[in-house]
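Asks: To start, I am sharing the structure in question, which I have written as C-alpha cells.
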Amino acid sequence: MAFPIKVCSVCSEEFELRPDKPGFANRCPACSEQEPAPGVTKSENATQRNSNKELNQERKKAMRDLLYRKDR
C-alpha cells in the first residue's frame, strides 16, 4: 500500500505521510525536527520565576476586577 503524498506547509516540499512519522501531518520530517520538543522549556532563575509569579497575580487581579465589577 502506498502512503499519501503531502506538501509541507513550511518548505513546500513533497513527502510521504507515514504512520510512524514524528511531528505534524502537514510538515515534512525535516521541518518537524526543527520544532522544539513539546514540554521542553528553558530554565528560569529565581528572579525570573518571582517576577512571572507577580505578573500572573496582577493579571488574575485585573481579570477578576473586570469580570466582577459592581458598577454594571
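Asks: Could you check the range 1-28 and list, in sequence order, the residues that are surrounded by 11 or more Cβ atoms within 10 Å (Cβ to Cβ) and in contact with a strand residue (DSSP E or B) (Cβ under 7 Å, 6 or more places away or on another chain)?
Replies: 3, 6, 7, 8, 15, 16, 17, 26, 28
Asks: Here's a follow-up. Among the numbered conditions (1) modelled with pLDDT under 80; (2) more than 30 Å from residue 7 (Cα to Cα), tell me where residue 54 comes up short.
Replies: Unmet condition: (1).
Asks: What is the residue count in the range 1-49 for residues that are assigned to a loop (DSSP other than H, G, I, E, B) and modelled with pLDDT of 80 or more?
Replies: So the answer is 18.
The values are calculated or read from the model by the stated rules, or taken from the named source; none is laboratory data. Values in this document were obtained by computation on a predicted structure and should not be read as measured data. A quick note on method: Cβ atoms are made from the backbone with ideal geometry, for glycine too, and the neighbour counts reach across all protein chains shown.
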